[in-house]
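See structure below.
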Ligand SMILES: Nc1ncnc2c1ncn2[C@@H]1O[C@H](COP(=O)(O)OP(=O)(O)OP(=O)(O)O)[C@@H](O)[C@H]1O
Ligand SMILES: [Mg+2]
């Protein structure tokens, strides 16, 4: 089992969009994939048409008495399962803070269900919290979706330092550009500066597109309703690049 998390302290940058499409593409490529919606907003659960509900008490999940495995649901897409969100996840950081080894507690919860999957994809909430410290510790790879502008790149650098400070082990954080519009001078310049030149940036990126925007009204991964669009190819290539990194 490999764990890939989509994380950024910034909101609205594409964490959910990446998590859903990359989980879907990985499942299409034959990987048994579990998407864990760790955000109380429940956006991935909504897109994958799953009721946001974790069975039993969240406090018992944190203490190890309630396995999250009981909350796993199949989606309507082959090889793709989900642990849905729950609005109680808003309390997760404070519950973790009551435990010993609060920054690695969720690694233990994951061991109880993760072995049945090739890949666990985590959709994270936009925060730098005790939950985020756990994400740094249980992930094999963290992808940070970044919109091409200097403030977003600056935030990515802040997250690299955050991960370095809280990690028990060395976890790789890589940026992936999203919402790219090559007609914009700034986007062109930043792509030129970072792609293929800075190894902390993935080579594939995702364009801004109306097909992607429609995911939230179609409530389906992009390739399920727009199999031939250039955005679908972008996600498919990005998934290939990411899977190679955790192989
Ligand atoms: N490449 C793209 N092209 C067009 N729309 C996009 C693209 N990426 C994301 N969006 C849209 O932008 C909005 C925010 O995306 P998303 O929900 O994936 O961000 P997020 O980082 O998960 O947000 P949050 O921090 O609230 O969880 C959504 O409406 C989504 O459909
Ligand atoms: Mg989200």
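Condition first: more than 16 Å from ligand 2 (Cβ to nearest atom) and part of a strand (DSSP E or B). Now tell me which residues in segment 1-46 satisfy that.
Our first condition is that a residue be more than 16 Å from ligand 2 (Cβ to nearest atom); within segment 1-46, this holds for 1-3, 25-34.
2, 3, 33, 34 - these are the residues of segment 1-46 that are more than 16 Å from ligand 2 (Cβ to nearest atom) and part of a strand (DSSP E or B).
Name the residue, out of 133, 127, 99, that is out of contact with any strand residue (DSSP E or B) (no Cβ under 7 Å at 6 or more places or on another chain) and not in a loop (DSSP other than H, G, I, E, B). If you could, list the steps in order and put the result at the bottom.
On the way: 127 fails: not in a loop (DSSP other than H, G, I, E, B); 99 fails: not in a loop (DSSP other than H, G, I, E, B).
After applying the criteria, what remains is 133.
Between 32, 28, which is more than 15 Å from ligand 1 (Cβ to nearest atom), more than 10 Å from the chain's Cα centre (by Cα), farther than 17 Å from residue 72 by Cβ and surrounded by fewer than 19 Cβ atoms within 10 Å (Cβ to Cβ)?
Values: 32 fails: farther than 17 Å from residue 72 by Cβ.
Result: 28 is the single residue among 32, 28 that is more than 15 Å from ligand 1 (Cβ to nearest atom), more than 10 Å from the chain's Cα centre (by Cα), farther than 17 Å from residue 72 by Cβ and surrounded by fewer than 19 Cβ atoms within 10 Å (Cβ to Cβ).
So, of the residues in segment 136-152 that are away from ligand 1 (no atom under 16 Å from the Cβ) and either without any contact (Cβ under 8 Å) to a residue 60 or more places away in the chain or in a helix (DSSP H, G or I) (or both), which turns out to be surrounded by the fewest Cβ atoms within 10 Å (Cβ to Cβ)? Show your work before the answer.
Filtering segment 136-152 down to residues away from ligand 1 (no atom under 16 Å from the Cβ) leaves 136-141, 150.
Now restrict to residues that are either without any contact (Cβ under 8 Å) to a residue 60 or more places away in the chain or in a helix (DSSP H, G or I) (or both): 136-138, 150.
Values: 136: 24, 137: 19, 138: 25, 150: 9.
The qualifying residue surrounded by the fewest Cβ atoms within 10 Å (Cβ to Cβ) is 150.
Any idea which residue in segment 71-93 is surrounded by the most Cβ atoms within 10 Å (Cβ to Cβ), counting only those that are in contact with a helix residue (DSSP H, G or I) (Cβ under 8 Å, 6 or more places away or on another chain) and not in a loop (DSSP other than H, G, I, E, B)? Steps first, please.
Within segment 71-93, the first condition is being in contact with a helix residue (DSSP H, G or I) (Cβ under 8 Å, 6 or more places away or on another chain), and the residues that meet it are 72, 77-80, 82-86, 88-89, 91-93.
Right, trim to not in a loop (DSSP other than H, G, I, E, B) and you get 80, 82-83, 88-89, 91-93.
Numbers: 80: 23, 82: 26, 83: 24, 88: 16, 89: 21, 91: 14, 92: 23, 93: 17.
My answer is 82.
If a residue has to be in contact with a strand residue (DSSP E or B) (Cβ under 9 Å, 6 or more places away or on another chain), surrounded by fewer than 21 Cβ atoms within 10 Å (Cβ to Cβ) and over 20 Å from residue 129 (Cβ atoms) to count, how many in segment 154-175 make the cut?
Total meeting the criteria: 2.
Checking residue 52 against (1) within 16 Å of ligand 2 (Cβ to nearest atom); (2) over 13 Å from the mean Cα position of the chain (by Cα); (3) not in a loop (DSSP other than H, G, I, E, B): exactly one of these is not met. Which one?
Only one criterion is unmet by residue 52, namely (3).
Going by the conditions given, is residue 193 more than 13 Å from ligand 1 (Cβ to nearest atom), at pLDDT below 95 and surrounded by fewer than 20 Cβ atoms within 10 Å (Cβ to Cβ)?
no
So that you can scan it fast, the table gives a plain yes or no per residue for (1) within 20 Å of the chain's Cα centre (by Cα); (2) at negative phi; (3) without any contact (Cβ under 8 Å) to a residue 60 or more places away in the chain:
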residue: 155; (1), (2), (3): yes, yes, no
residue: 161; (1), (2), (3): yes, yes, yes
residue: 170; (1), (2), (3): yes, yes, yes
residue: 174; (1), (2), (3): yes, yes, no
residue: 182; (1), (2), (3): no, yes, yes
residue: 186; (1), (2), (3): no, yes, yes
residue: 197; (1), (2), (3): no, yes, yes
residue: 205; (1), (2), (3): yes, yes, yes
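The values are calculated or read from the model by the stated rules, or taken from the named source; none is laboratory data. Remember, predicted model here, so these are calculated numbers, not experimental data. Note: ideal-geometry Cβ built from the backbone for every residue, glycine included; neighbour counts use all protein chains shown.
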